[in-house]
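Trainee: Please see the structure below; I have some questions.
The values are calculated or read from the model by the stated rules, or taken from the named source; none is laboratory data. Being a predicted model, the structure only gives us computed values, none of them experimental. All Cβ positions, even for glycine, are placed from backbone atoms using ideal geometry, and neighbour counts span all protein chains on display. Ligands, DNA and RNA are excluded from the accessible area calculation, which covers all protein heavy atoms including side chains. Shrake-Rupley method; radii C 1.70, N 1.55, O 1.52, S 1.80 Å.
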Amino acid sequence: YECRSDQDEFFIPLIKSYMCEHQTLCHILGFKFKFHQEPNGETPSSLYHVAAALLQHNLIALEDLYVHLLPQDSAIVEEHKREILEAKQIARKLTMVVVPSEKSEDKEKDKEKEEEKSEKPPDNQKLGLLEALLRIGDWHHAQNIMEQMPAYYATSHKAIAIALCQLLHLILEPLYRRAGVPKGAKASLLKPLRNKQAPAPVETFEDLSKDVFTMLGYLGPHLSHDPILFAKIVRLGKSFMKEYQSESKQDTKDKLDSLLSCFLSVSDQVLLPSLTLMECNACMSEELWGFFKLFPYQHRYRLYGQWKNETYSNHPLLVKVKAQTVDRAKYIMKRLTKENVKPSGRQIGKLSHSNPTILFDYILSQIQWYDNLITPVVDSLKYLTSLNYDVLAYCIIEALANPEKEKMKHDDTTISSWLQSLASLCGAVFRKYPIELAGILQYVTNQLKAGKSFDLLILKEVVQKMAGIEITDEMTVEQLEAMTGGEQLKAEGGYFGQIRNTKKSSQRLKDALLDHELALPLCLLMAQQRNGVVFSEGGEKHLKLVGKLYDQCHDTLVQFGGFLASNLSTEDYIKRVPSVDILCNQFHTPHDAAFFLSRPMYAHQILSKYDELKKAEKGNRQQQKVHKYISACEQVMAPVHEAVVSLHPPKVWDDIRPQFYATFWSLTMYDLAVPHNAYDREVNKLKLQIKAIDENAEMPLNKKKKEKERCTALQDKLQEEEKKQLEHVQRVLHRLKLEKDNWLLAKSTKNETITKFLQLCLFPRCVFSAIDAVYCARFVELVHQQKTPNFCTLLCYDRVFSDIIYTVASCTENESRRYGRFLCCMLETVTRWHSDKAIYEKECGNYPGFLTIFRASGFDGGNKADQLDYENFRHVVHKWHYKLTKASVHCLETGEYTHIRNILIVLTKILPYYPKVLNLGQALECRVHKICQEEKEKRPDLYALAMGYSGQLKSRKVHMVPENEFHHKEPVNITTPGGLQNGPGNSSKPAAAAASTTSKNEEGTAEDAGEFCVTAINIQQKTLKQADFNYKNNFTTYNT
């Protein structure tokens, strides 16, 4: 039989007919195996085959034969442990820094070891028998032998792995033919085993759980020896997932769930470790991605986590591969520069096909230390497979969530640079490559749920890079002007970087947010987290860091909200954003954030309703269009007016109508004014570009034509957009003109009405964003220009300029910039009125906002005596400038970091219009100079701010005027008939007297700016109470 081992059909029945004792056959075989156990002896394969055939036909028992085979199980275990130890030593050597002299010694030792290994190892009869069993398809006995050995020990021998793979090919053949073969592919036919006792071929997915999954479990990472079988299993997995996803019956789905968990286990224990051992096989990586992409990202990331943190320590081969990958990654990263991105990228690509987790882990660790690597690394990742990009997303999230890393620097006042580097990498990588965003977005959402706002930096970077929406408070005036126009003008002139080619990336971001329902939750969590930063998260943190986190949270909300407003369709937006009362009352969203999220919805709804009305009744007359627009506004805003009533106590609505409140919060700068200068500026730029293209002789003609067409199209778009905005603004102003009579009720006092307006409208919105700051100032001016009843412009401006200390002290760094911008716009209006009597008479002379006496009969336009005249207005403006100086000096003298920083930021912003009076400017200059001296060594950031402001202030000195030029110190006597007044006699005299009192004190100390700074403020403070009392007489409001 041994000589003719292929004749099983003849010899097995023959042996059975002799009815030999099992023990006798076993002893005969044992004797034969013993004979070949001599040193350098080799057991013939025919003997293994005979033993396997007899085992399969139960003519002998495995337990009886096993004891005759060498080596002993204990020796196998020892050998396995030794292999793991050697692998770990090799890994350690690769990660150690070795001195050159030690290197040569290590090489000699390695040579000796290799020579020892090259000597022929003793024959392992147990493995030989195992291979023979697998060849004839006796899985039952083969499994019993494998059970006796350490995990993966048997299949780590190539012959056994290949034999097991061959058996799997035969078992899977029918199912693969039915469900796995791709369309158009022709697979070679496999002959089934003639042995009837071999495992049955599988016909359905349910049959896989009998033997196939178990066999794959024993095979483990050594499936790498047979890439074809690897591809077959992956394709069967793909086919199963499609069947699983299309199944709707619950009981069938429950059965498939157990199979799904088996496929996940196979992916974890077999497919990914096998990919690790395959040398640079990009096709297998892509094939595997076809299967993995059908899993939700949670399953995929779990698999990657196991692969990265568990798999590599389970097997000696994988331990070595990990060490070699890290060594190679170090070699590539040391040489990576901007100049050699392409060759280095190819090397990174090759290395990543098999071991992406280890490679990316090392690359990310380098980026966290050296942020100048970000650009070359991002450019070098273009040779990755789809699976590798997905693994990269997981590795980034894992690096961000590392609990051992501190997200603050050691000074506890700034965010760690490693986090900033990773956030920057996130933005660049997700924009450039097609990586799924769901994981990173969910991570940020989960962090916000847990009350942690550090990771908002990632969302900020991703939105900025993918959608091109920048958030910065350092905008120039030109940029800010462009941001009040349409979308095209914003894109061309509103940002520092030119927005190009963000259409695809912003679409991907939008789809990820909508598919995973994360758009609204992220907005709400950010809105809630703003206060959470201060009251929950900021308990132990430095005030400076709390401010930064608050600003980051707020800026990201504004940026993210802007992205949703410009990218979501009207239906998507309305479907996801609830009404403002639900946002505030149920979700506890702060009012400013709730209106910020709702505002685009109102604009969309009004426009769609307006278009609907236009189509319903065709009429081209301008008057008809305006009426339709007003009708559309009423229909859309009526529910909003009702909704806002629940946001505040009933007493509030005694002075301010809900209609006024909703109008203020629902409009934007786009609705109030057209930035003609910005449109002209951008159109002229494009004209210059066209001219430059024409003059460029080197540019090819077809490229010239293309560029000129692009510029001309852009020019037309901008002009069309300007025209559209102009029509829109005219409609809005007409609507406001009709509404304004019902805005303010003023049932209490004018003072109380202004207080509510400042408290509920102006102050919350002016620090929301730079554009909102400008909007608030322009809205006040608009309410004045519309001659709104019960609105005292003078009182409003007085309240804004008089007490800025508390507002400044309570702002964060970015809020103080916005507040400064708001004050600057308010001062711009006041300065324009102050500059020329004709302008003042035209814009304020006959307006109810400048009444100093309020009568029961209402406003009488003809009574000039009740109006504040031009010269007294100049006294009032001087008083405001004085109040600003007093508040500024107070903040600078406190020694408090926040007070000093914020007031310096505010002063820098209002520099174009304040200080205008020479002695007030000298007082400020003196105090700021003192700050520069005090803070030079202590707080360098305050020193830098103070020096910056000091330099700019000196350059503005030429524009300052002496006090007597700013206003006439001597009061102008205007006699007002006492009988006509409903209040104290001669309303204009107190203002003049107050101005005179203040002026005398200021004049007496203007000779020496230094003395003014130290002593004059104290003198002024004593007289201020009297001055304030006199000024206030001018603004006292009376109810009759």
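Trainee: Could you tell me the largest-minus-smallest coordinate of the C-alpha atoms of region 721-781 on each of the three principal axes, in descending order and whole angstroms?
Mentor: Sorted from largest, the Cα extents of region 721-781 read 43, 29, 14 Å.
Trainee: Provide the packing ranking of 762-771, 581-590, i.e. peptides ordered by the mean count of other C-beta atoms within 10 Å per residue, highest first. Mind showing how you got there, number by number?
Mentor: Values: 762-771: 21.8, 581-590: 16.8.
My ranking of the peptides, most packed first, is 762-771, 581-590.
Trainee: Any idea what diffusion coefficient region 351-441 gets from Stokes-Einstein, in µm²/s, Kirkwood Rh on alpha carbon pairs, 37 °C, 0.692 mPa s? If you can, show how the numbers build up before the last one.
Mentor: Values: Rh = 13.6 Å.
The calculation lands on 242 µm²/s.
Trainee: List the pairs from Lys183/Lys510; Lys787/Lys909; Lys837/Lys957; Lys449/Lys504 whose alpha-carbon separation is above 26 Å, in the order I gave them.
Mentor: Numbers: Lys183/Lys510 34 Å; Lys787/Lys909 30 Å; Lys837/Lys957 24 Å; Lys449/Lys504 30 Å.
The pairs that break the limit, which is 26 Å between Cα atoms, are Lys183/Lys510; Lys787/Lys909; Lys449/Lys504.
Trainee: Looking at the P(r) of region 664-762, how many percent of alpha-carbon pairs lie beyond 23 Å?
Mentor: Details: 2612 of 4851 pairs.
Result: 54 percent of Cα pairs exceed 23 Å.
Trainee: Using only the Cα atoms of region 338-497, what semi-axes does the equivalent ellipsoid have when each is the square root of 5 times a gyration tensor eigenvalue? Give whole Å, largest first.
Mentor: Details: eigenvalues 165, 90, 46 Å².
Whole-Å semi-axes of the equivalent ellipsoid: 29, 21, 15.
Trainee: Over the alpha-carbon set of region 693-842, divide Rg by the Kirkwood Rh and report the Rg/Rh ratio to two decimals.
Mentor: Working: Rg = 22.1 Å, Rh = 18.8 Å.
Taking Rg over the Kirkwood Rh, I get 1.17.
Trainee: Right, here's the next one. For region 154-280, give the percent of accessible area contributed by carbon and sulfur heavy atoms, probe 1.4 Å, rounded to a whole number.
Mentor: Details: 3210 of 6060 Å².
Ligands and nucleic acids excluded, carbon and sulfur reach 53 percent.
Trainee: Here's something else I'd like to know. Compute the whole-percent fraction of alpha carbon pairs in region 753-794 spaced more than 18 Å apart. Before the final figure, lay out the partial values.
Mentor: Details: 214 of 861 pairs.
It works out to 25 percent of all Cα pairs.
Trainee: Here's something else I'd like to know. In a Debye calculation with equal point scatterers on the alpha-carbon sites of region 745-822 and no solvent, what is log10 I(q)/I(0) at q = 0.17, 0.23 Å⁻¹?
Mentor: After summing over all Cα pairs, the log10 values are -0.65, -1.11.
Trainee: For region 138-287, what is the largest minus smallest coordinate of the Cα atoms on each principal axis, given in angstrom and ordered from greatest to least?
Mentor: 43, 38, 30
Trainee: If you put +1 on each Lys and Arg Cβ and -1 on each Asp and Glu Cβ, how big is the dipole of region 166-308 around its Cα centre, in Debye rounded to 20? Provide the component values of the computation, followed by the final result.
Mentor: On the way: 19 positive and 15 negative charges, 68 e Å.
Result for region 166-308 is approximately 320 debye, rounded to the nearest 20.
Trainee: Can you check what the net charge comes to around Asp226, using other residues whose Cβ is under 13 Å from the Cβ of Asp226 (Lys, Arg +1; Asp, Glu -1)?
Mentor: Details: positive: Lys158, Lys232; negative: none.
Combined, the nearby Lys, Arg, Asp and Glu give +2.
Trainee: While we're here: With a/c under 1.5 counting as rounded, go ahead and sort region 871-935 into rounded, prolate or oblate using the C-alpha gyration tensor (a ≥ b ≥ c being the square roots of the eigenvalues; past the cut-off, prolate if a/b is larger than b/c, else oblate).
Mentor: On the way: a/c = 2.23, a/b = 2.02, b/c = 1.11.
Prolate is the answer for region 871-935, as a/c is 1.5 or above and a/b outweighs b/c.
Trainee: Okay, moving on. For the pairs Lys465/Lys717; Lys34/Lys210; Lys330/Lys432; Lys625/Lys717; Lys740/Lys842; Lys210/Lys232, note any where the Cα-Cα span goes beyond 29 Å.
Mentor: Pairs exceeding the cut-off: Lys34/Lys210.
Trainee: For region 507-620, with equal point scatterers placed on the C-alpha atoms only and solvent neglected, what are the log10 I(q)/I(0) values from the Debye formula at q = 0.11, 0.13, 0.20, 0.22 1/Å, to two decimals?
Mentor: For region 507-620 at q = 0.11, 0.13, 0.20, 0.22 Å⁻¹, log10 I(q)/I(0) is -0.44, -0.58, -1.07, -1.19.
Trainee: Considering only Cα-Cα distances, which of the following residue pairs are longer than 20 Å: Lys238/Lys503; Lys544/Lys883; Lys490/Lys723?
Mentor: Values: Lys238/Lys503 32 Å; Lys544/Lys883 28 Å; Lys490/Lys723 16 Å.
In this structure, Lys238/Lys503; Lys544/Lys883 lie more than 20 Å apart at Cα.
Trainee: Quick one: dipole size for region 522-643, taken about the Cα centre, charges +1 on Lys/Arg Cβ and -1 on Asp/Glu Cβ, in debye to the nearest 20. Mind showing how you got there, number by number?
Mentor: Working: 14 positive and 13 negative charges, 95 e Å.
Using Cβ point charges on Lys, Arg, Asp and Glu, region 522-643 gives about 460 debye.
Trainee: How big is the convex hull of the Cα atoms of region 273-312, per residue, in Å³? Provide the component values of the computation, followed by the final result.
Mentor: Numbers: hull volume 2.4 nm³, N = 40.
Convex hull volume per residue, Cα atoms: 60 Å³.
Trainee: Given N residues in region 339-378, what is its alpha carbon radius of gyration divided by 2.2 N^0.38 Å? Present the calculation step by step, with values, prior to reporting the outcome.
Mentor: On the way: Rg = 10.3 Å, N = 40, 2.2 N^0.38 = 8.9 Å.
Normalised by 2.2 N^0.38 Å, the Cα Rg of region 339-378 equals 1.15.
Trainee: Within 10 Å, count the other beta carbons around each residue, average over each peptide in 732-741, 557-566, and list them highest first.
Mentor: Numbers: 732-741: 17.0, 557-566: 21.1.
Sorting 732-741, 557-566 by mean packing, highest first, produces 557-566, 732-741.
Trainee: While we're on this one: Could you rank the peptides 923-935, 324-336 by their average count of other C-beta atoms within 10 Å per residue, with the highest value first? Before the final figure, lay out the partial values.
Mentor: Values: 923-935: 19.3, 324-336: 16.8.
Highest mean packing first, the order is 923-935, 324-336.
Trainee: In Å, the Kirkwood hydrodynamic radius of region 241-306 over pairs of distinct alpha carbons? Please report the intermediate quantities before stating the final value.
Mentor: Working: mean 1/r = 0.0770 Å⁻¹.
With all distinct Cα pairs of region 241-306 included, I get 13.0 Å.
Trainee: Now for a different question. In whole Å, how far is the Cα centre of region 359-426 from that of region 765-804?
Mentor: Distance between centres, Cα-based: 46 Å.
Trainee: Cα convex hull of region 156-213: mean projected area in nm², to one decimal?
Mentor: 4.9
Trainee: With +1 assigned to the C-beta of every Lys and Arg and -1 to the C-beta of every Asp and Glu, and no other charges, what is the dipole magnitude of region 420-573 about the Cα centre in debye, to the nearest 20?
Mentor: Working: 16 positive and 19 negative charges, 87 e Å.
The calculation lands at about 420 debye.
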